[in-house]
Structures are given as C-alpha cells and as structure tokens.
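First up is the structure itself, then whatever we jot down about it.
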Amino acid sequence: MSDRPPVNASPLTSILWQAQQELLPPLQFYRLCQQVRQQSGQTRLYFYTPDSAFIDLNNGIGVREIRRFLDHLARYVRGTVQESDRTTFYLKRVRLRLKHKTQTKLLIKKAGDDCPSPLSVSAMKIDVEMAGAGMIGRVARLRINEKDFAFKAFFDPDFVWQHGPWAEIPIGIRLKYCQVTKDVPEFLFSGLDWAVWEWIYPHTHPQSRKEGITYQQFAQTEGLTKLNPLNRNNYNPHNIRLDPGGIQKAYRGRRFQDFFRSLLFYARKVRREGWKSLTPYLKPEKLRYLGVRLVSLIITGGSPRSVSSGMNWQTVLTKKSNVKHRELS
C-alpha cells in the first residue's frame with residue numbers, strides 16, 4: 001500500500017486515493033470534492049470507470065456517454081414514485097448535420113416515446129425497474145446485456161450527513177479497495193448524486209462468494225460501527241447486506257451527533273416538501289421497526305444484535321414482477 005498518491009495525480013485521483021486509504025468522513029469528502037469542483041470548474045465528478053457491460057462502442061456509447069445517461073437516469077429515478085415501474089431506454093450516439101455543421105449527439109429514447117429514426121434500427125438497450133425507496137434514495141435494477149446492477153439515485157444530494165452520497169460513496173470506495181465483499185455488495189462506480197453497485201439476488205449466499213472478507217472482520221480491525229441487523233429490508237435471506245447504510249468510525253458522542261444531523265435532515269425536508277414528505281415513515285411497519293430498534297439500543301447499550309423477521313425489497317421486487325431472479329422483461 002503506497003503512503004502517497006501517484007506522481008502528478010489529478011485532484012480527483014488524489015481524492016480517490018485518500019478514500020481508498022481510509023474511510024473519509026462525509027464532511028471531509030464533501031469539502032475535497034468541492035475544492036476540485038471550484039478549481040476545475042467541473043460541476044460533476046465521477047469515481048471509477050463504468051463496468052464494461054455499460055460500454056457499447058458499436059452504438060457509440062463510451063464512458064462519457066454512459067455517464068451522461070446515468071445523470072439523466074438519476075433525475076428520472078428520483079421522480080418516479082410507483083414501485084416496480086418498468087421502462088426501457090435506448091441509447092445511440094449519432095452524427096447530425098445542424099445549420100451547416102455536423103455535430104455528435106447522444107440520443108436517449110424511452111420506450112413509448114416517439115422514436116427518432118436512428119434509434120428505430122439499432123441502439124444500446126437498458127431495462128430499468130424500480131426496486132424500492134427509502135429516506136436516502138430510490139434504487140432501480142438495471143439490466144444490460146443479461147447483467148443486473150443496482151442503481152441508486154440519492155434524494156437531497158446537497159445535504160451532508162451520515163447518510164446520502166457524501167457518506168455512501170467514500171464507504172463504497174473504501175470497502176471496494178479493501179475487498180470487503182463477502183457479505184456486502186461491491187461498489188462499482190458513481191457520480192456525486194448516484195451510484196452503481198453489484199446487484200444482490202435473494203439466492204446469493206456468502207459461501208458462494210469465494211473472494212473478499214466480511215464486513216464484521218473489517219469493522220473490528222478498522223474500528224467501524226456495526227451494521228444494523230434489525231431492518232430486514234437491507235438484507236437478503238442469507239444476511240448479505242444490500243447497501244452500506246451509515247457506516248462510519250465509532251467514537252464517543254457519535255449517536256448524539258447522528259441524532260442531531262437527522263433532525264436537521266427531516267426539518268429541512270419538511271420545510272421544502274411539507275409534512276406529507278414524512279408520510280412514508282409513519283406507516284405501521286416503519287413505526288414498529290423504530291420501536292424495536294429503540295428497545296434494542298436500550299437493552300444492548302447501543303449495539304443492536306438480534307435479527308427480526310421480514311422481507312427485503314429485492315425479494316418483494318421479484319415477487320411483484322412475477323419473474324425469475326435473472327429475468328427482466
């Protein structure tokens with residue numbers, strides 16, 4: 001492990017290197033990214049190169065084009081409220097002659113829209129199915145060339161706290177670098193308001209994942225917080241975590257600070273969207289979970305251990321879709 005970033009590394013590469021060496025707190029990661037954005041004039045930053053399944057050179061879709069599409073998709077996913085909603089996008093880079101000039105354009109067509117002629121023949125196809133949503137963001141399953149990916153579009157991406165992109169992206173980078181993939185999904189790549197992770201199926205078992213270490217092993221050596229096993233929506237039936245949650249360094253007073261930041265988050269949400277924005281969190285199932293978690297924290301002194309029964313959103317998605325795990329029509 002190198003004790004310094006690569007020679008002549010770009011500012012963005014330096015951030016990635018720092019995030020690989022240690023778990024960066026959300027505020028530190030946010031400030032580093034803001035510095036790069038101000039210095040470079042770039043409004044969008046990206047971490048890691050997209051998986052090869054996202055590249056289709058035959059249709060002119062390279063790294064730049066797929067990132068532009070995922071920026072677009074993040075806005076679409078955030079604005080979709082119907083769970084299990086499905087659609088298909090078609091992508092193609094074409095050369096168009098406009099006002100006596102030839103320009104290269106990325107055409108994005110959603111199934112059901114009027115189809116531009118270049119897309120009526122051939123294009124890159126991406127199936128999108130909404131999987132579920134929480135207070136942090138909405139997750140969609142992407143299917144590209146028979147491969148599935150978890151795409152998370154974050155709500156309120158400009159708010160810095162122990163959840164959201166400024167927390168989950170550095171968590172993903174650190175866990176990926178240290179090969180913590182035995183019982184958590186692998187982080188693949190991201191922008192600043194969306195991230196792509198490995199898709200975990202209901203039948204995925206830790207024993208079938210030959211490489212990597214468990215989060216518990218890693219957390220013990222790094223002094224990180226434990227995963228909360230009470231919310232079964234965040235696990236598959238074999239206890240593989242579906243997202244990193246609010247992983248951070250364990251320190252005295254952490255829970256008080258987390259509680260304070262959470263109050264700020266919800267107060268800000270109510271001020272912008274009204275009290276109706278809290279409706280999803282007032283459902284009986286959610287209130288029951290909060291009650292169980294509170295009792296568990298009191299009994300165990302802040303470290304919930306027991307696992308309650310329940311069903312994760314990927315199992316629900318599969319049942320609602322009435323398809324096999326690897327089928328997305």
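The values are calculated or read from the model by the stated rules, or taken from the named source; none is laboratory data. This is a predicted model, so every value here is computed, not measured. Don't worry about glycine lacking a Cβ; one is built from the backbone with ideal geometry, like all the others, and counts go over all protein chains shown.
A few comments on the model shown:
Residues are listed down the side, and each one gets a yes or a no for (1) surrounded by fewer than 19 Cβ atoms within 10 Å (Cβ to Cβ); (2) hydrophobic (A, V, I, L, M, F, W, C); (3) within 17 Å of the chain's Cα centre (by Cα):
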| position | (1), (2), (3) |
| --- | --- |
| Y30 | no, no, yes |
| Q34 | yes, no, no |
| R37 | yes, no, no |
| Q42 | yes, no, no |
| D56 | no, no, no |
| R64 | yes, no, no |
| R68 | yes, no, yes |
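- Test: residue in segment 41-64 that is in contact with a strand residue (DSSP E or B) (Cβ under 6 Å, 6 or more places away or on another chain), modelled with pLDDT of 95 or more and under 30 Å from A250 (Cβ atoms): yes
- Search result, residues across segment 90-113 that are out of contact with any Gly (no Cβ under 9 Å at 6 or more places or on another chain), assigned to a strand (DSSP E or B) and of a type outside the set (D, E, K, R): Y90, L96, L98, T102, Q103, L107, I108
- Screening segment 74-98 for residues that are in contact with a strand residue (DSSP E or B) (Cβ under 7 Å, 6 or more places away or on another chain) and under 20 Å from T43 (Cα atoms) and picking the one that is surrounded by the fewest Cβ atoms within 10 Å (Cβ to Cβ) gives R78.
- Only one of the listed residues (F89, F54) is in contact (Cβ under 8 Å) with a residue 60 or more places away in the chain and of a type outside the set (S, T, Y). That residue is F54.
- Any hit, segment 140-155, residues being among the β-branched types (V, I, T), in a strand (DSSP E or B) and in contact with a strand residue (DSSP E or B) (Cβ under 6 Å, 6 or more places away or on another chain): yes
- Taking the criterion of being closer than 17 Å to Y90 by Cα and of a type in the set (K, R), the residues of segment 137-163 that qualify are R141, R143, K147.
- Residue-level check: of (1) closer than 17 Å to F149 by Cβ; (2) surrounded by 14 or more Cβ atoms within 10 Å (Cβ to Cβ), T49 misses just (2).
- Residues in segment 186-239 that are of a type in the set (V, I, T) and out of contact with any Ser or Thr (no Cβ under 7 Å at 6 or more places or on another chain): I200, T204, I213, T214, T221, T225.
- Filter pass, R174 being under 16 Å from the mean Cα position of the chain (by Cα) and among the basic types (K, R): yes
The rows are residues; the columns are (1) at pLDDT 95 or above; (2) over 23 Å from W197 (Cβ atoms); (3) buried (at least 18 other Cβ atoms within 10 Å of the Cβ); (4) among the small types (G, A, S).
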| residue | (1), (2), (3), (4) |
| --- | --- |
| L12 | no, no, no, no |
| P25 | no, no, no, no |
| D71 | yes, no, no, no |
| H100 | no, yes, no, no |
| K105 | no, yes, no, no |
| K109 | no, yes, yes, no |
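- Segment 126-138: number of residues that are within 21 Å of R68 (Cβ to Cβ) and modelled with pLDDT of 95 or more: 3
- H163 vs. criteria under 21 Å from A74 (Cβ atoms) and outside any helix (DSSP H, G or I): yes
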